[in-house]
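Each remark here refers to the structure printed beneath this line.
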Amino acid sequence: MNRWWITWLIACLSMFLSVNKLSAQESWESIIEQLMNNNDEIASSNWQSLMEDLAEMKEHPVNINTASKEQLEKFPFLSDGMVESILDYIRRYGPMLTDKELLMVKDMDIQTARLLKLFITFQQPEKEEYTPTLKNILKYGKQELSTRVDIPFYTRAGYQPFTSEYIKENPNKRYLGKSFYHNVRYQFRYSDKIYVGVTAEKDAGELFFTGKNAKGYDYYSPYIYVRDIGRINALALGNYRLSYGYGLVMNTDFSMGKSATLSTLGNKARGIKKHSSTDEYNYFQGIAGSIRITKCLTADAFYSYRKMDGIVDNQLITSIKEDGYHRIPRDYEKKNTFSNQLIGSNIHYNGKNFEAGLTAVYNVFNKVLNTTPRAYNKYYPRGRDFFNAGINYKLFWKKFTLQGETAMDKNGKIATMNMLRYSPKESFQLMVMNRFYDLAYQSIYARSIGEGSMVQNESGFYIGLETSFLRYFKLSTYGDLFYFPWKKYQLSKNGTKGFDGVVQLSYSPGYQLDMFIRYRYKNKHKDFTPDDGEKVTLPYIQQKWKYQLNYSPISELMLKTTVDYVRNGHQNKEVSQGILLGQSIGYQFRKIPLQLDAGGAWFSTDDYASRISMYEKGLLYSFSIPSFYGKGERFTFNARYEWGKHIILQAKYALTHYRNREVISSGLEEIKGSMKTDLYMQVRLKF
């Protein structure tokens with residue numbers, strides 16, 4: 001351990017001593033990390049979509065002086081009140097000239113201003129805007145082509161050189177393709193109004209231009225997306241995503257879930273979005289359009305037809321495969337085994353003090369969905385066709401906001417979620433929320449706020465407070481009482497209750513420094529089977545502490561320190577504990593277009609139950625929150641170089657060393673040895 005840390009400290013010290021004098025560098029990825037810290041149980045595919053949306057907004061910032069309400073609502077860290085305050089400031093005092101003016105907006109705090117300035121410009125509104133004629137589109141359109149390759153410096157069990165006889169007898173014991181990961185993205189963009197592009201991806205282990213995948217990449221996502229042209233609010237052809245209301249009927253977009261950031265809980269841009277992500281499940285394929293009927297009223301309609309992966313047994317869909325992997329013959333047996341068609345519409349009214357929407361969705365499978373029966377999935381969606389309709393609303397009255405959604409399925413089962421927020425000023429938020437998801441409510445594409453992953457079999461009451469005090473301090477806290485009327489996965493008892501609570505204290509005296517300390521406590525029931533007894537259901541208590549310090553003593557330098565501690569276990573039983581200490585440093589050179597980032601972490605956990613997740617900086621459009629358990633160290637090194645105006649080169653080197661094992665992972669992913677090293681490379685061309 002000493003050898004590893006001495007090497008790391010020398011690297012950090014040498015980089016620190018090379019720095020000159022200047023003031024605060026900001027990483028736009030801090031918004032991802034901030035949200036992840038409050039929502040560490042959300043699926044990585046869900047984070048991937050948000051990561052790509054924010055990366056694109058960073059590459060193509062919005063002019064704050066001409067931004068519409070809809071454009072500002074895209075930022076997940078801006079509340080309704082803050083959006084209105086920004087628009088009101090520009091109406092009253094004219095265009096902003098610099099980012100210093102952000103702090104003059106009513107109730108704007110340093111943390112929000114720090115994030116917002118990364119995604120906006122301060123151009124004068126008089127700047128000429130070219131109408132989208134074919135000539136102007138071709139003349140002023142911008143193109144981007146990027147490609148990424150991930151190379152592992154180890155051999156997993158699925159890539160071992162088995163004999164042909166062994167492979168013939170055990171065809172699913174070896175991956176069909178090579179061990180590298182590869183993707184390519186192309187996008188043509190005209191202003192923020194027209195997008196045309198395609199994303200293609202090959203996962204590690206998948207075939208590439210050979211065998212059953214002679215067409216090249218395993219996954220393609222083509223799209224055409226038009227927005228804000230005449231009465232066209234949005235138009236999507238190809239792959240797209242949908243989100244309406246608060247997700248009780250339809251949501252294939254990012255969902256923040258329960259969060260200590262109360263000012264934005266339940267807020268986000270809704271409607272039709274292009275799908276340029278490598279997420280192979282959460283999207284639709286076909287056409288979707290939104291027409292602006294009046295200034296406040298829009299009407300959407302959409303149709304999708306796509307083939308999907310899963311297990312089909314005797315014309316019954318017994319499971320849906322969501323991971324997108326096609327690496328072994330068994331995966332190909334599940335590929336495109338059934339299809340799903342979806343048609344629906346939404347009408348939305350967006351006024352100054354009142355918003356409301358009506359969504360209706362009908363989708364049908366070409367085979368009957370009948371998930372393999374288990375005790376916990378008795379009420380999962382079953383059948384061939386599904387219909388859902390919902391009404392969402394948001395009402396502003398003085399310092400109060402009342403918002404929510406109520407939805408019904410074809411069997412008359414109800415899901416409803418309602419929130420009341422009191423905010424006498426932007427720096428103070430008090431919110432209560434009640435949700436009731438009938439245990440038999442069925443919706444294929446619903447995703448919303450809750451303790452469970454499905455909008456079903458749950459009710460809860462949530463109360464949260466967020467307030468700033470003593471100028472630089474912010475307190476965020478919430479408590480959520482939830483109830484499951486029916487069994488759940490790893491929970492064989494009906495009618496269980498639980499509690500989830502968070503307390504976070506933040507300190508931000510300026511752009512140069514911010515820190516927070518957070519404690520999370522969760523108590524929910526979970527099955528326990530002793531070595532010499534029968535299975536019983538007991539409270540399972542999870543406790544997590546986190547401290548994080550971000551410090552930029554000078555403009556080119558960013559330092560980050562993190563400390564994580566977890567303690568999990570069944571009540572009155574043996575507990576599992578873990579700790580992680582992390583340090584990262586980033587430096588942007590002044591005279592050359594080179595940025596370097598290095599990070600290191602030491603971790604020690606009892607087992608997988610006390611694993612700790614850590615956000616890592618990655619390549620553009622990529623997302624990384626690896627989990628660590630056992631004992632060991634993690635080191636990363638990132639480099640980004642801009643070669644002129646048109647070429648950007650990026651690379652990341654990552655090494656994980658374990659001190660208590662000689663085998664990493666299991667099954668086809670098993671690695672012999674105690675070390676795991678990867679190289680990630682990306683090239684972007686802008687023209």
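Couple of notes before you dig in:
- Meets criteria (farther than 23 Å from Phe623 by Cα and either of a type in the set (Asp, Glu) or in a helix (DSSP H, G or I) (or both)) for Glu201: no
- Matching residues, the range 455-475, being surrounded by fewer than 23 Cβ atoms within 10 Å (Cβ to Cβ) and among the hydrophobic types (A, V, I, L, M, F, W, C): Phe461, Ile463, Leu465, Phe469, Leu470, Phe473, Leu475
- Annotation note: Cβ proximity below 6 Å between a residue of the range 200-220 that is over 15 Å from Arg174 (Cβ atoms) and a residue that is of a type in the set (Asp, Glu) and assigned to a loop (DSSP other than H, G, I, E, B) (sequence gap 6+ or interchain) occurs for Lys202/Asp218; Asp218/Glu206; Tyr219/Glu280.
- Every condition in (1) without any contact (Cβ under 8 Å) to a residue 60 or more places away in the chain; (2) outside any loop (DSSP other than H, G, I, E, B); (3) of a type outside the set (S, T, N, Q) is met by Pro161 except one, and the failing one is (2).
- Residues satisfying the stated conditions in the range 535-591, i.e. in contact (Cβ under 8 Å) with a residue 24 or more places away in the chain, closer than 27 Å to Leu505 by Cβ and hydroxyl-bearing (Ser, Thr, Tyr): Tyr540, Tyr547, Tyr551, Ser552, Thr562, Ser576, Ser584
- Summed over the range 387-406, residues that are within 25 Å of Tyr422 (Cα to Cα), hydrophobic (A, V, I, L, M, F, W, C) and at pLDDT 95 or above total 1.
- For the range 622-642, filtering for residues that are in contact with a Lys or Arg (Cβ under 9 Å, 6 or more places away or on another chain), in contact (Cβ under 8 Å) with a residue 12 or more places away in the chain and either closer than 21 Å to Thr562 by Cα or of a type in the set (S, T, N, Q) (or both) leaves 12.
- Checking Phe603 against (1) within 23 Å of Gln548 (Cα to Cα); (2) modelled with pLDDT under 95, the condition it does not meet: (2)
Residues checked against (1) among the charged types (D, E, K, R); (2) within 21 Å of Gly357 (Cβ to Cβ):
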{"position": "Pro373", "(1), (2)": "no, no"}
{"position": "Tyr376", "(1), (2)": "no, no"}
{"position": "Arg382", "(1), (2)": "yes, no"}
{"position": "Asp385", "(1), (2)": "yes, no"}
{"position": "Asn388", "(1), (2)": "no, yes"}
{"position": "Leu395", "(1), (2)": "no, yes"}
{"position": "Thr406", "(1), (2)": "no, yes"}
{"position": "Lys410", "(1), (2)": "yes, yes"}
{"position": "Tyr422", "(1), (2)": "no, no"}
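- Answer from Ser179, Ser146 - the residue that is assigned to a loop (DSSP other than H, G, I, E, B) and of a type in the set (S, T, N, Q): Ser179
- If you go through the range 350-385 and pick out every residue that is β-branched (Val, Ile, Thr) and either modelled with pLDDT under 95 or closer than 23 Å to Glu73 by Cα (or both), you end up with 3.
- Hits in the range 396-423 - residues which are loosely packed, with under 15 Cβ neighbours inside 10 Å, touching a residue at least 24 places away in the same chain (Cβ under 8 Å) and more than 26 Å from Ala440 (Cα to Cα): Trp397, Lys399
- Exactly one residue out of Tyr511, Tyr540 is among the hydroxyl-bearing types (Ser, Thr, Tyr), at pLDDT 95 or above and either surrounded by 17 or more Cβ atoms within 10 Å (Cβ to Cβ) or within 21 Å of Glu466 (Cα to Cα) (or both): that is Tyr540.
- If you go through the range 443-454 and keep only what is surrounded by fewer than 16 Cβ atoms within 10 Å (Cβ to Cβ) and in contact with an Asp or Glu (Cβ under 8 Å, 6 or more places away or on another chain), you end up with just Gly452.
- When the range 411-462 is filtered for residues that are among the aliphatic types (A, V, I, L, M), assigned to a loop (DSSP other than H, G, I, E, B) and closer than 30 Å to Ile86 by Cα, only Ile449 remains.
- The residue that is surrounded by the most Cβ atoms within 10 Å (Cβ to Cβ), among those in the range 622-657 that are of a type in the set (Phe, Trp, Tyr) and assigned to a loop (DSSP other than H, G, I, E, B), is Phe623.
- Within the option set Met108, Met82, being touching a residue at least 40 places away in the same chain (Cβ under 8 Å), assigned to a loop (DSSP other than H, G, I, E, B), out of contact with any Phe, Trp or Tyr (no Cβ under 6 Å at 6 or more places or on another chain) and surrounded by 15 or more Cβ atoms within 10 Å (Cβ to Cβ) holds for one residue only, Met108.
- Within the set Asp527, Asp532, the sole residue that is farther than 17 Å from Met419 by Cα and without any contact (Cβ under 8 Å) to a residue 12 or more places away in the chain turns out to be Asp532.
- Among the numbered conditions (1) buried (at least 17 other Cβ atoms within 10 Å of the Cβ); (2) among the charged types (D, E, K, R); (3) within 20 Å of Phe386 (Cα to Cα), the only one that Glu355 does not meet is (3).
- Residues satisfying the stated conditions in the range 229-277, i.e. part of a loop (DSSP other than H, G, I, E, B), polar (S, T, N, Q), touching a Leu at 6+ places or on another chain (Cβ under 9 Å) and modelled with pLDDT of 85 or more: Thr252
- Single unsatisfied condition, Gly600 versus (1) over 21 Å from Gln650 (Cα atoms); (2) under 26 Å from the mean Cα position of the chain (by Cα); (3) not aromatic (Phe, Trp, Tyr): (1)
- Across the range 499-508, the number of residues qualifying as within 30 Å of Asn572 (Cα to Cα) and crowded, with 19+ Cβ neighbours inside 10 Å comes to 3.
This table checks each residue for (1) crowded, with 18+ Cβ neighbours inside 10 Å; (2) in contact (Cβ under 8 Å) with a residue 60 or more places away in the chain; (3) within 30 Å of Phe400 (Cα to Cα); (4) within 25 Å of the chain's Cα centre (by Cα).
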residue	(1), (2), (3), (4)
Met96	yes, no, yes, no
Asp99	no, no, yes, no
Lys117	yes, yes, yes, yes
Thr133	no, no, no, no
Lys142	no, yes, no, no
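- Residue list for the range 578-621, filter: among the aliphatic types (A, V, I, L, M) and either buried (at least 18 other Cβ atoms within 10 Å of the Cβ) or farther than 14 Å from Thr562 by Cα (or both): Leu580, Ile585, Ile592, Leu594, Leu596, Ala598, Ala601, Ala609, Ile612, Met614, Leu619, Leu620
- The range 92-109, residues that are over 20 Å from Lys74 (Cβ atoms), out of contact with any helix residue (DSSP H, G or I) (no Cβ under 7 Å at 6 or more places or on another chain) and either modelled with pLDDT under 85 or not aliphatic (A, V, I, L, M) (or both): Arg92, Tyr93, Gly94, Pro95, Thr98, Lys100, Glu101
- Lys398 falls short on exactly one of the conditions (1) touching an Asp or Glu at 6+ places or on another chain (Cβ under 8 Å); (2) at positive phi, and that condition is (1).
The values are calculated or read from the model by the stated rules, or taken from the named source; none is laboratory data. Because the structure is predicted, anything quoted here is derived from the model rather than measured. Quick reminder, even Gly has a Cβ in these numbers, built from the backbone with ideal geometry, and neighbours come from all protein chains shown.
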